[in-house]
Amino acid sequence: TNPLRRHPHFTAKHQVMDISTRIGNPFRGNLELILDFFELANEHHLGFSHHAILRLKQAVSLFAGQEGADFSSALHRFLKLCQRPERVGRMLRCMNDVGFIGLLIPDFNYIYCHSHYDSYHIYTTDEHTITVVRQLAYLAKSTSKELESLRLALNEVKDREVLILSCFYHDIGKPKTRSYRRGKGVSFHHHEVVGARMTKARLKALKYSSQDVDAITDLVALHLRFHTYAMGWTD
């Protein structure tokens, strides 16, 4: 059966979600419908049709050409979708492929398909970041004893949006620091400093509260220190 048979724009067949029409693009000028598409696909455990992906790319490209447009309300809804306990990784990878993450978080475009130049990272920077957000979303439902301390810590977080934004921004400075290596005295290993500056500037422009800006900026600036503690590399 088609779980979306009554939806005016979407349909589903063989566990794949599609748009009903083959003429026109219902996503054009409609950010809420784009978010509806991903939310319903997750809710019904559906994949994404090639036809829908092409229309999503077209619509996102048109949105990206709107200079000075305000996508803040869509950003807040997007960050709520990132807190879902299932299928977040698949959703974010599709959103990244069609440019939707970069539309809502423009700095994310800096790390799109960006490679880490060390032996520690096995993913591109964008995929590494998506994996971090995905693992955070799945943490609450995890039953692993090894992750118990992290689950307890997550339960103490009052504002998940702040934490998720910190995840999206934690490595945002990596491409910038690489470009500054010659002649400007900024090392590749100081990406957290550059990333914190970029984060603060962007969040102020998005009119986040000074408290949220400081919290997210601090998390970005200190994320390497947190990683050191987690790996047991303290002195």
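Structure data summary
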{"read-out": "Those residues of the stretch 97-116 which are out of contact with any strand residue (DSSP E or B) (no Cβ under 8 Å at 6 or more places or on another chain), open to solvent by less than 50 Å² (accessible area, probe 1.4 Å) and either closer than 21 Å to Ala52 by Cβ or assigned to a loop (DSSP other than H, G, I, E, B) (or both), in sequence order", "value": "Val98, Gly99, Phe100, Ile101, Gly102, Leu103, Leu104, Ile105"}
{"read-out": "Only listed residue being at pLDDT below 80 and within 17 Å of Ile111 (Cα to Cα), chosen from Gly173, Gly232, Gly195, Gly185", "value": "Gly195"}
{"read-out": "Selection within the stretch 36-54 - assigned to a helix (DSSP H, G or I) and surrounded by fewer than 19 Cβ atoms within 10 Å (Cβ to Cβ)", "value": "Asp36, Glu39, Leu40, Asn42, Glu43, His50, His51, Ile53, Leu54"}
{"read-out": "Residue in the stretch 141-156 that is nearest to Cys82 (Cα to Cα), counting only those that are assigned to a loop (DSSP other than H, G, I, E, B) and open to solvent by 50 Å² or more (accessible area, probe 1.4 Å)", "value": "Lys141"}
{"read-out": "Candidates Pro26, Pro8, filtered to the one that is loosely packed, with under 14 Cβ neighbours inside 10 Å, farther than 14 Å from Phe100 by Cβ and either within 19 Å of the chain's Cα centre (by Cα) or not acidic (Asp, Glu) (or both)", "value": "Pro8"}
{"read-out": "Residue that is surrounded by the fewest Cβ atoms within 10 Å (Cβ to Cβ) [pool: residues in the stretch 126-140 that are over 16 Å from Phe108 (Cα atoms) and aliphatic (A, V, I, L, M)]", "value": "Ala140"}
{"read-out": "Any pair with Cβ under 9 angstrom, 6 or more apart, that starts in the stretch 65-90 at a residue that is under 19 Å from Gly47 (Cα atoms) and ends at one that is open to solvent by 70 Å² or more (accessible area, probe 1.4 Å) and part of a loop (DSSP other than H, G, I, E, B)", "value": "Pro85/Lys141; Glu86/His45; Glu86/Lys141; Arg87/His45"}
{"read-out": "Of all residues in the stretch 55-96 being of a type in the set (A, V, I, L, M, F, W, C) and outside any helix (DSSP H, G or I), the one that is surrounded by the fewest Cβ atoms within 10 Å (Cβ to Cβ)", "value": "Ala69"}
{"read-out": "In the stretch 206-229, residue farthest from Ala74 (Cα to Cα) [restricted to those that are open to solvent by less than 60 Å² (accessible area, probe 1.4 Å) and modelled with pLDDT under 65]", "value": "Thr228"}
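The values are calculated or read from the model by the stated rules, or taken from the named source; none is laboratory data. Please read these numbers as outputs of a predicted model, since none were measured by experiment. Please note: Cβ atoms are built from the backbone with ideal geometry, for glycine as well, and neighbour counts cover all protein chains shown. Each accessible area value is taken on the protein alone, full model and side chains, heavy atoms only, with ligands, DNA and RNA left out. Shrake-Rupley method; radii C 1.70, N 1.55, O 1.52, S 1.80 Å.
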